[in-house]
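> If you scroll down you'll find the structure; I have some questions about it.
The values are calculated or read from the model by the stated rules, or taken from the named source; none is laboratory data. Because the structure is a prediction, the values reported are computed rather than measured. So basically every Cβ, Gly included, is an ideal-geometry build from the backbone, and we count neighbours across all protein chains shown.
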Amino acid sequence: MSNPLKKLITLDEFIIRNEKDFPFASGELSGLLRDIGLAAKIVNREVNKAGLVTDIQGIMGSTNSSGEEQKKLDVYANDMFINALRVSGECCGVATEENDDYIAFEPLPGKNVKYIVNLDPLDGSGNIDVNVSIGTIFSIFRRVSLSGPCTREDFLQKGREQVAAGYIIYGSSTMLVYTTGNGVNGFTLDPSIGEFCLSHPNFKFPSNGKIYSVNQGNFLKFPEPIRRYIDYCTAEDKATGRPYSFRYIGSMVADFHRNMIQGGIYMYPPTTKQAKGKLRLLFECNPLAFIAEQAGGKASSGEVPIMDLEPTELHERTPIYIGSTDMVDKVEEMLRKAKVGEALL
Ligand code: P6P
């Protein structure tokens, strides 16, 4: 029998093998990615038994900075990742969707710590109690402040400046998917050995797709060009394989992950109630945009690439259209034509 270990490439081994490709190649980013992988395993353990251990399910009775109800697992995941980053010694601060402000870690004497992390510790947590996939999303930047405690500017960088980004999806299997700017690779957790193992090397977003993901319930609240695009998706047209399939499970990481494998577009447009949509630029949109572009897909605010947006606040939101390039192009075309039309009125 061939040696099964021969084919296994663990996350740690892959990171070390590819360290030479990291921007500003140094062991620090490798160490940071490994620490995130470890925290993911610990959170995965709690997510997987959430249905059994009653005290981890349910709500905290508190809300986050966006006024959203916090689940116990939200807070647990938030604390776990913050602690993992704090003790990693490679991160000088973290901003998360669950905390009002960023957290500056105590500077380590004699060590010039280079990186900061923006984090959504448990996206889609509303699905915890109904056993639908949820995810963690992370985004890593080099600090721009020169020394001492990190500053707000370190966290408010354009998405283009990310040195790494990734997500963990806690689903039928637990996967960690990340990029350091040299393509996108996916690792599946093998519980029997407690290691993330390379399972999806070099992800490529199909240039087109037949799946659209959006909260159809907001249809009447969307801008007219978006309503027209959704009508385009549902129209009968054999030549372009329409109508497309509608898939939306209320967990962006899960919808994004499926679309990256099968082809598709995820949309969270502005609505009459939320002029900038619901999703956060720093904690959800920038990291997934980095992954999408690195996998040959596209991520747009409707007007400009997500990663070209200049953040001004930690919790700012942006509309997002992300996925197969041809589908995002189509949405941008419809929005552009509407703008030209309005200008001619
Ligand atoms: P709605 C989860 O709260 C989330 O941030 C994304 O994961 C998900 O796609 C979206 O919000 C769901 O929002 O308004 O459609 O319920």
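> If a residue has to be over 17 Å from Cys233 (Cβ atoms), in a helix (DSSP H, G or I) and in contact with a Lys or Arg (Cβ under 7 Å, 6 or more places away or on another chain) to count, how many in region 293-345 make the cut?
2
> Scan region 77-109 for residues that are under 17 Å from Glu284 (Cβ atoms) and of a type in the set (Phe, Trp, Tyr) and report the count.
Residues that pass the stated criteria total 2.
> Given the options Val177, Val163, Val184, name the one that is among the β-branched types (Val, Ile, Thr), crowded, with 17+ Cβ neighbours inside 10 Å and under 21 Å from Pro311 (Cα atoms).
Numbers: Val177 fails: under 21 Å from Pro311 (Cα atoms); Val184 fails: under 21 Å from Pro311 (Cα atoms).
It is Val163.
> Something else: Quick one: count up the residues across region 90-141 that are in contact with a Cys (Cβ under 6 Å, 6 or more places away or on another chain) and surrounded by fewer than 21 Cβ atoms within 10 Å (Cβ to Cβ). Let's see the steps before the verdict.
Narrowing region 90-141 to residues in contact with a Cys (Cβ under 6 Å, 6 or more places away or on another chain): 92-93, 104-105, 113, 115-117.
Next cut, surrounded by fewer than 21 Cβ atoms within 10 Å (Cβ to Cβ) only: 104-105, 113.
Within region 90-141, residues that are in contact with a Cys (Cβ under 6 Å, 6 or more places away or on another chain) and surrounded by fewer than 21 Cβ atoms within 10 Å (Cβ to Cβ) number 3.
> For region 241-261: of the residues being assigned to a helix (DSSP H, G or I) and either surrounded by fewer than 16 Cβ atoms within 10 Å (Cβ to Cβ) or among the β-branched types (Val, Ile, Thr) (or both), which is nearest to the ligand (Cβ to nearest atom)? It would help to see each step written out before you state the result.
Of all residues in region 241-261, those assigned to a helix (DSSP H, G or I) come to 252-261.
Going one step further and asking which of them are either surrounded by fewer than 16 Cβ atoms within 10 Å (Cβ to Cβ) or among the β-branched types (Val, Ile, Thr) (or both), we end up with 253, 261.
Working: Val253: 7, Ile261: 17 Å.
Per the criteria, the residue is Val253.
> What are the pairs, 6+ residues apart or on separate chains, where a residue within region 319-336 that is in the same structural domain as Pro269 (by TED's automatic domain parsing) has its Cβ under 8 Å from a residue that is among the hydroxyl-bearing types (Ser, Thr, Tyr) and in a helix (DSSP H, G or I)?
Matching pairs, first to second residue: Lys330/Tyr229; Lys330/Tyr232; Val331/Tyr229; Met334/Tyr229; Met334/Tyr232.
> Cβ-Cβ below 7 Å, separation at least six or inter-chain, first residue in region 100-111 and farther than 13 Å from Arg143 by Cα, second among the polar types (S, T, N, Q) and surrounded by fewer than 15 Cβ atoms within 10 Å (Cβ to Cβ): which pairs?
Asp100/Ser65
> Among the strands (runs of 3 or more DSSP E) contained in region 146-240, which hold 2 or more residues that are aliphatic (A, V, I, L, M) and touching a helix residue (DSSP H, G or I) at 6+ places or on another chain (Cβ under 9 Å)?
Details: elements: 162-170, 174-179, 184-190, 195-200, 211-213.
Once the strands (runs of 3 or more DSSP E) in region 146-240 are filtered for at least 2 residues that are aliphatic (A, V, I, L, M) and touching a helix residue (DSSP H, G or I) at 6+ places or on another chain (Cβ under 9 Å), what remains is 162-170, 174-179, 184-190.
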